[in-house]
Amino acid sequence: MKIDSKILRFLVLLLVIFFLLPLTACITKCMKIIQDPLVIDINDPCATNLQELKEVKKSYALIDGGKKLTISFASCVTKQMLAGKEMEVAMKSCGKSCGRSSDLKKVINTLTSAFDGEREYLRKVNMAIYRLQNCRDKEARTILSGVKSKNKSRREEAIAKFDNLKERVKNDNKFLENIVKKSGKRIKANEKVAQDIKLIASGVPSKSLRVKPGYNIRNRPEINSEIIGKTQNRRIKIYDITGDWISIQHRSEPAYVSAKAFNSISQKTRVQVTHSNTKKEYEKVKENYREYQGREEKMEKEFNEIIKGHALG
């Protein structure tokens, strides 16, 4: 019996769809795991803390996109200036090719905003790691307490749970390593663009700036915060720039002054100070990650000591 060619083609198509759909779903799932190495077990007592880390990581994607365009623009301007073009000509040319404003002030604002966003992201990562550490410590204490138990069934149950805990901590470390590596790459890119801006905005002052006299020095970066002093006509060291507020030291304590008190908050200074503070936050992330890495070995050592004590007992 001959089968109509149209029916045959239709049957072949159905078979292809039947086999391809599960394969597509599998590929999509695998790609998702590759992009995001942390798969959260709902039975994990620290699932909330891990979810917090995932959400923080996801939120950064919104900041990263705009910054990349600005970094491309700054690199383009630098190359053209090194080739002998005037700054205004280079900025106009790169503004067209990169689709960015040729206004240096706007570029600086975008960069400092992006660097501030990176720093805030890293600050949230640090807080999330700290909370995760506390949660894992609590989990380990509970399990190791069970391992010490004289009750055989409770001890065996705790030993099985300890194996699961080790696996979780190992997965935590992989995820944290991914965050540290990606953040490190961005910090390097920020370093490069900060140097580019330094060239573009050459001849501007360093982190020590002259302040106008008679401006209020406040204890917080808010217009209604307490006034703790007045500025004098001299050069002072600035520590940070957040919006319209400049962070300084007053009588060895953190204090804030309006940006209006400075004759020139230079482009170079704004980018360098903001980047410098972002780097400090990144160093904290690396330090917390290194500390977390040691947890697995520490737990294993304590576990072995307990088991050894039971064997001797």
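The values are calculated or read from the model by the stated rules, or taken from the named source; none is laboratory data. Only a predicted model underlies this, so the values are computations on that prediction, with no experimental measurement involved. Here the Cβ is made from the backbone with ideal geometry for all residues, glycine too, and neighbour counts use every protein chain on show.
Identify all residues within the stretch 133-171 that are within 35 Å of the chain's Cα centre (by Cα) and hydrophobic (A, V, I, L, M, F, W, C); write none if there are none.
Once the filter is applied, which keeps residues that are within 35 Å of the chain's Cα centre (by Cα) and hydrophobic (A, V, I, L, M, F, W, C), the stretch 133-171 yields Cys135, Ala140, Ile143, Leu144, Ala160, Phe162, Leu165, Val169.
Only one of these conditions is not met by Val89: (1) over 29 Å from Leu122 (Cβ atoms); (2) modelled with pLDDT under 75. Which number is it?
The failed condition is (2).
Do you know which of the residues in the stretch 256-293 that are assigned to a helix (DSSP H, G or I), touching a strand residue (DSSP E or B) at 6+ places or on another chain (Cβ under 8 Å) and crowded, with 17+ Cβ neighbours inside 10 Å is modelled with the lowest pLDDT?
Thr269
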